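This report concerns only the one structure given below.
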Amino acid sequence: MTQSATDWQAREAQVYHQTFARAPVTLVRGSGMRVWDDAGREYLDFAAGIAVNALGHANPAIADAVAEQARTLVQVSNLFYTTPQVELGERLTGHSALDRVFFVNSGGEATETCVKIARKWGRLNRDGATGVITTLRGFHGRSLAMTAATGTPAYHEPFEPMPAGFTHVPYNDLDAVRDAIDDSTAAVMLELIQAEGGVWVADADYVTGLRELCDEHGILLILDEVQTGIGRTGKLFAYEHFGVTPDLMALAKGLGGGLPIGAALSTERCSVLRPGDHGSTFSGNPLVCAGARVVFDHVTAPGFLEDVARKGDHAAAELRRLGRETGEITDVRGLGLLVGFDLTGPERADHVIAYARDHGVLLIKAAAATIRLVPALTISDAELDTGLEVIGAALRA
Ligand SMILES: Cc1ncc(COP(=O)(O)O)c(C=O)c1O
């Protein structure tokens, strides 16, 4: 355990709900790809707040925008118009296939808002249908409804009974979706990369087939781009890799570059929310929207996304090479800077993570034997290579 004057970890154990398997590191400061612990040790952060800090830590442009906004107007509720919210909404709808936005505070609220819209749409347009088909091993959030939507029974059991209305089918299996659709179905919701489930990328045929199936049955396609959206995969939205567009899309994580903001977007056809249907006190307030506006403008600047794709390809190629060299990596998956690699077992994944931490690199898992690289999208080539070198050394140790 890291030595420090104050034992923050012991103090946390006294007061905090013990639900996180935290690494024994207390972080106090960050800058770009780097973070420092309370004993002054420096790390390269390949976790980035779990695929959140798109522009790295303490980005000066975000900090300036937030500081300026904090001195100007932080929160006035959604009972009034505010300018950063409109400007961010225009950016998101202007650069996506979706027409309308509702801001929320997290990914789970973004997916839940999409489901609420789909349910109301189904009541109005599909004879009262409200069912949503989701995928096994998928992840959509931790509210009760999104826990029910999430296709991992272990997440359900402690909190049963689960809200009704969700059916789970295997991922990348179009026939399973076809079989599950019935008169009660309003929508299909999935991630184009099951990130929390282990970084599993959807097959191209599956995604185009899903779009066709939804159109054929007159139901909605909801894409959960909470982890994949805002440049993470080397495109602004992951659906651009697949040549399809969703009816509804959930965003969060990278959107605020570390500020708590999510968004539920929809096409005009699904724009069924009316006064009083939905709301949130803090959501889309001037402070978070001012920061998110900076992230959005950075990620959409010329050449930025191409660079993300190039760095992601480089990381995946180097991990494959390390796999061939050491026999320790059994698979590499992902798109852009969302890269997962499987070790030969959970103990080897634990070893690599502990070794890397001891050598100044923070890594996180996506599954028991799968490590996930989700660094800041602004990572330099040299920082990426340093991280990959430490992973290589860990594999050989
Ligand atoms: C695809 C996806 N959807 C939803 C969520 C939930 O987001 P949040 O933790 O911000 O509620 C996550 C979080 O990991 C996610 O990866």
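The values are calculated or read from the model by the stated rules, or taken from the named source; none is laboratory data. Computed from a predicted structure; not experimentally measured. As a convention, Cβ positions derive from the backbone with ideal geometry for all residues, glycine included, and neighbour counts pool all protein chains shown. To get the accessible areas, we keep the full protein, side chains included, count just its heavy atoms, and leave off ligands, DNA and RNA. Shrake-Rupley method; radii C 1.70, N 1.55, O 1.52, S 1.80 Å.
The sole residue among Thr344, Thr378, Thr370 that is touching a Ser or Thr at 6+ places or on another chain (Cβ under 7 Å) and within 24 Å of Glu196 (Cβ to Cβ) is Thr344.
For the stretch 239-259, taking the residues that are more than 19 Å from Ser106 (Cβ to Cβ) and within 14 Å of the ligand (Cβ to nearest atom), the one that is surrounded by the fewest Cβ atoms within 10 Å (Cβ to Cβ) is identified as Tyr239.
Condition check ((1) touching a residue at least 24 places away in the same chain (Cβ under 8 Å); (2) over 30 Å from Leu248 (Cα atoms); (3) touching a Ser or Thr at 6+ places or on another chain (Cβ under 9 Å)) across all residues:
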| residue | (1), (2), (3) |
| --- | --- |
| Val15 | no, yes, no |
| Arg29 | yes, yes, no |
| Ala39 | yes, yes, yes |
| Glu42 | yes, yes, no |
| Arg71 | no, yes, no |
| Pro84 | yes, no, no |
| Arg91 | yes, no, yes |
| Ala97 | yes, no, yes |
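Kindly indicate which of Ala21, Ala48, Ala65 is surrounded by 15 or more Cβ atoms within 10 Å (Cβ to Cβ) and more than 27 Å from Leu248 (Cα to Cα). Just a single option satisfies the conditions, and that option is Ala65.
Exactly one residue among Asp350, Asp358, Asp297, Asp307 is surrounded by fewer than 21 Cβ atoms within 10 Å (Cβ to Cβ), of a type in the set (Asp, Glu) and within 30 Å of Ser77 (Cα to Cα), and that residue is Asp297.
Give the residues of the stretch 11-54 that are outside any loop (DSSP other than H, G, I, E, B) and within 20 Å of Ser106 (Cβ to Cβ), sorted by residue number.
Ala48, Gly49, Ile50, Ala51
Screening the candidates Ile230, Ile219, Ile181 for the property of being away from the ligand (no atom under 16 Å from the Cβ) and in contact with a Lys or Arg (Cβ under 8 Å, 6 or more places away or on another chain) yields one hit, Ile219.
Checking each residue in the stretch 109-150 for being of a type in the set (Ser, Thr, Tyr) and within 10 Å of the ligand (Cβ to nearest atom) picks out Thr111, Ser143, Thr150. Only a single criterion out of (1) open to solvent by less than 10 Å² (accessible area, probe 1.4 Å); (2) assigned by TED's automatic domain parsing to the domain that holds Asn78; (3) within 18 Å of the chain's Cα centre (by Cα) is not satisfied by Leu220, namely (3).
Of everything in the stretch 142-163 that is touching a strand residue (DSSP E or B) at 6+ places or on another chain (Cβ under 9 Å) and within 20 Å of Arg119 (Cβ to Cβ), the residue that is surrounded by the most Cβ atoms within 10 Å (Cβ to Cβ) is Ala149. Summed over the stretch 127-155, residues that are closer than 24 Å to Ile219 by Cβ and modelled with pLDDT under 95 total 2.
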